[in-house]
Amino acid sequence: MKAIVSFVAVLLLVAIGYMGGSAGSTSRFLFGVVAPYSAFAIFVVFMIVRILKWASSPVPFRIPTTAGQQKTLPWIKDSKIENPSSVFGVVIRMALEVLVFRSLFRNLKTQLHEGGRLAYGEAKWLWMAGLAFHYSFAIILFRHLRFFLEKVPYPIQLVESLDSFLQIGAPLLYLTDVALLGAVTYLFIRRVALPQVKYISLIADYFPLFLIFAIGATGVLMRYFTKTDIVGVKTLAMGLISFNPAVPETIGAMFYTHVFLLSVLFAYFPFSKLVHMGGVFMSPTRNMANTSREKRHINPWNYPVHVHTYEEYENDFRDKMKEAGLPVEKE
Amino acid sequence: MSKLPKPAELAKVSYNNPATDWMDTPVEFKPGMYCHGSKPKSLEIVGFPNPRDWRPADADWKLPENWKEILIEGIADRLKKYRSFRLFMDICVRCGACADKCHFFIGTGDPKNMPVLRAELIRSVYRKEFTTAGKILGRMAGARDLTLDVLKEWWYYFYQCTECRRCSVFCPYGIDQAEITIIGRELLNLLGLNIEWIAGPVSNCYMKGNHLGLEPHTIVGNLEYMLDDIETVTGKRIKPSFNRKGAEILFVTPSGDLFADPGTYTCMGYLMLFEELGLDYTWSTYASEGGNFGFFTSNEMGKRLNSKIYAEAKRLGVKWILGGECGHMWRVLSQYMDTWNGPADFLEVPKSPITGTVFENAKSMKMVHIAEFTADLIKNNKLKLDPKRNDHLTVTWHDSCNVSRGMGMLEEPRYVLRNVVNNFVEMPEDTIREKTFCCGSGTGLNASEDMELRMKGGFPRANAAKFVHEHYGVNMLANVCAIDRATLKPLMDYWVPGVNVCGLHELVANAMIMKGEKERTTDLRGEPLPNVQAKEEKA
């Protein structure tokens, strides 16, 4: 049901984009210029707002999740990355977390067998699909920079040629296009096929999957199947980037659908779970060194509390203490 | 009390979800799965709100009229105070990687025991009250109102989490359900919704210095019994000191060690070790609790109870503090104490008087775990050990959640263990070290009325122990945690009969040859030593 709601919502967005792109020049201006501008502005402003909001809350305690041996006695080998005690260790830990999804790589499958025996098996598909998804998305975004630059710089050309090294079809097939759509499809199927994951899923979990699938699909359609006026697209993109927007008459409605869906994704981003992109860097269980015993961590809102002092304790028990031969402060 | 089903029955866990969406599935209080509600007296002693007689199964929880307001304000306040909380409310993508990592989920199959869903219980309310999308779109945005049913759900499930942090090891964003449970319980405590098994020990600890409420003379008396037993085993009479000013070291251990076996055997181990070293140390009857049930109540209560340790160290004028074997005690000490009640600038950087080793890693908080201390002793050949005395045991090592994932003390106890026993076998690798499983009874859930919950939560741990019991004949589950010592025993008796439970220093003391001791014929439990058994059989 939740998946269907999300699916219908994305279908509606596709229809809106397509109609917008098919209507007159005012409408094309709205969908080709106003929408991406405002979406990008919303994305930047509200992501900053979100990050500042997180940053405005202090980290009162040093609470790294220690996933390896601590640094103690010199002859015990400590785990410098999984249980970092230096800034360098934290940087590596975070880099592994962000770049190769270290924690997700640990994923296991817990199974209860006949006779009540538990077994733990490898479960790397989610990690692989996650990596494929994020990296192909990043590469595709990077490739798109060619539309915004007068001369296509060498790094983009290199990525393009690597991405299409299989030399299939004309225009050449990009591997990341396949990987993105494949990974999104896997993530969706996983979400509905695994009963536990289905049970926890919200509309907000299906919606971005459908949306990104639709963005990818419209892109693929334009590149491989329908004809798109690339020169016109480049004119539009260059106009956007130079704040001198122009809307060529020659670009088809599919393009506006693509741009509109992407605009929706950008505008939706700061208000959704997709903020994990920024949040992962700020996670206190990962970005702190395990040095709380070595160096005092300060809690900015630490305040005095009521305690039961030794004096009060001795007053309660003085006679019993004396009888038991315990020293007392006051006779 | 509800009747505990047979192990074969409990091992049949159904992982089928209810037919209704979780938001439409109201919580059902199943006997054996929750603890008694806090008693008014326990709350009054520490000045906690809403002290009254109440029972969790009752419809009316006797809440203040503005309970909703109190909670929403409480959430707002904590969002401002804890980046962890604010962040973890926003960034979960519900990938489900945490789901089957939780011992309570594995053991109960209840979807609300998946860490992600336990967090959603509170996240859904956060969305409703603190996000625009949640306010406008409501249920469509995964938001829901805070109702009495929701509150009851919070109570039921935040007391079905032991803050073990296993989920946080696997989460790609490091979301730590322990943080969410800690804050969830803080919120519940704003309305006087604690469990008595926590609230009672907290008030005891506040007034009497320890969870068990042992008064000063009782502590001395309990130790006397142990000293008698030590004399029987070794022929040596030990005379420890209490509340002694000018001692070099203050020793603090969980009060569980003073009270019941097998903790008491561990405690005898400490006494014998310190005697053998001639350590200049003292016990305290005021700071007589290393553990901290306040931590399972609220940050503030944790700090209030913890304050005694530094205060007593200062009063007695010791140089540094040595801590006994405990799990959550060491999470609190290692990640909270110095921040709460430091700086302990009146103490010196801990230095072993026996080996001269300076514990640089504890330079600021000035407290050393006894496993670190003993590992250093053995490395420097300061102990005469005869591991053969433990040859009747095949030992496996249970990493306690908190020292593993909130500190990283993995190798020190293993090093000690390898030197004091000859037969040491590890449990399967996905169940130890940073992936260790909770005993199922931590965070104050070690009551008796929730035994079914405990046996279910401890199921994965027991399962791993059963594996090494059946394959390698393991008959002893060793650990450095007082709650483990108290709770793994019934867990083993239920799931893996034939496996016993002990602390690390019981094994150390058994193996340690003391100066001038008589020839030992039994271990600390009074059971014949293996060589004696062999001799008897020959004769």
**Prompt:** All but one of (1) open to solvent by 30 Å² or more (accessible area, probe 1.4 Å); (2) of a type in the set (Phe, Trp, Tyr); (3) within 14 Å of chain B (Cβ to nearest Cβ) hold for residue A:266; which doesn't?
**Reply:** (3)
**Prompt:** Mind checking which residues of the range A:78-96 are surrounded by fewer than 16 Cβ atoms within 10 Å (Cβ to Cβ) and either within 12 Å of chain B (Cβ to nearest Cβ) or touching a residue at least 40 places away in the same chain (Cβ under 8 Å) (or both)?
**Reply:** A:86, A:87
**Asked** What number of residues within the range A:97-110 are more than 7 Å from chain B (Cβ to nearest Cβ) and crowded, with 20+ Cβ neighbours inside 10 Å?
**Response** 2
**Fill in**
Residues of the range A:44-64 being open to solvent by less than 10 Å² (accessible area, probe 1.4 Å) and out of contact with any helix residue (DSSP H, G or I) (no Cβ under 7 Å at 6 or more places or on another chain), in sequence order, are A:64
**Message:** Against the conditions (1) surrounded by fewer than 19 Cβ atoms within 10 Å (Cβ to Cβ); (2) under 24 Å from residue B:204 (Cα atoms), where does residue B:228 fall short? Just the number, please.
**Reply:** (2)
**Prompt:** Got a sec? Which of B:358, B:368 is open to solvent by 10 Å² or more (accessible area, probe 1.4 Å) and assigned by TED's automatic domain parsing to the domain that holds residue B:506?
**Reply:** B:358
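Collect the residues in the range B:100-127 that are closer than 18 Å to residue A:103 by Cα and in contact with a strand residue (DSSP E or B) (Cβ under 9 Å, 6 or more places away or on another chain), keeping them in residue-number order. I'd like the intermediate steps shown before the answer.
Residues of the range B:100-127 that are closer than 18 Å to residue A:103 by Cα, as a first pass: B:100-102, B:114-116.
Matches in the range B:100-127: B:100, B:101.
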**Request:** Please verify whether the range A:139-146 includes one or more residues that are open to solvent by less than 30 Å² (accessible area, probe 1.4 Å) and at pLDDT 95 or above.
**Result:** yes
**Complete:** Subset of the range B:353-365, residues touching a residue at least 12 places away in the same chain (Cβ under 8 Å), of a type in the set (Gly, Ala, Ser) and in a loop (DSSP other than H, G, I, E, B), comes to B:364
**Item:** Long-range neighbours under 8 Å by Cβ, at least six apart or interchain, first residue within 19 Å of residue B:485 (Cβ to Cβ) and free of Cβ contacts under 8 Å to residues at least 40 places away in the same chain within the range B:449-473, second surrounded by 24 or more Cβ atoms within 10 Å (Cβ to Cβ) and of a type in the set (Phe, Trp, Tyr)
**Value:** B:464/B:437
**Prompt:** Do you know which residues across the range A:286-331 are out of contact with any Pro (no Cβ under 8 Å at 6 or more places or on another chain) and hydrophobic (A, V, I, L, M, F, W, C)?
**Reply:** A:298, A:305, A:307, A:328
**Asked** Any residue at all in the range A:117-136 that is under 27 Å from residue A:197 (Cβ atoms), more than 10 Å from chain B (Cβ to nearest Cβ), aromatic (Phe, Trp, Tyr) and open to solvent by 30 Å² or more (accessible area, probe 1.4 Å)?
**Response** yes
**Message:** Can you tell me which of (1) part of a helix (DSSP H, G or I); (2) assigned by TED's automatic domain parsing to the domain that holds residue B:155; (3) touching an Asp or Glu at 6+ places or on another chain (Cβ under 8 Å) is the one residue B:42 doesn't meet?
**Reply:** (2)
**Request:** Identify all residues within the range A:46-64 that are facing chain B (nearest Cβ under 7 Å), over 30 Å from residue A:136 (Cα atoms) and not charged (D, E, K, R); write none if there are none.
**Result:** A:57, A:58, A:59, A:60, A:61, A:63
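For (1) at the interface with chain A (Cβ under 7 Å from one of its Cβ atoms); (2) under 30 Å from the mean Cα position of the chain (by Cα), each residue gets a yes or a no:
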| residue | (1), (2) |
| --- | --- |
| B:64 | no, no |
| B:81 | yes, yes |
| B:97 | yes, yes |
| B:102 | no, yes |
| B:105 | no, yes |
| B:109 | no, yes |
| B:112 | no, yes |
| B:119 | no, yes |
| B:131 | no, no |
**Request:** Give the range B:172-200 a look and list any residue that's within 14 Å of another protein chain (Cβ to nearest Cβ) and either more than 30 Å from residue B:95 (Cβ to Cβ) or assigned to a loop (DSSP other than H, G, I, E, B) (or both), or say none.
**Result:** B:172, B:173, B:174, B:175, B:176
**Fill in**
Of the listed residues (A:9, A:67, A:15, A:41), the one being surrounded by 13 or more Cβ atoms within 10 Å (Cβ to Cβ), small (Gly, Ala, Ser) and over 21 Å from residue A:284 (Cβ atoms) is A:9
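The values are calculated or read from the model by the stated rules, or taken from the named source; none is laboratory data. These numbers come from a predicted model, not from an experiment. So basically every Cβ, Gly included, is an ideal-geometry build from the backbone, and we count neighbours across all protein chains shown. These area figures cover heavy atoms from the full protein model, side chains too; ligands, DNA and RNA do not enter into them. Shrake-Rupley method; radii C 1.70, N 1.55, O 1.52, S 1.80 Å.
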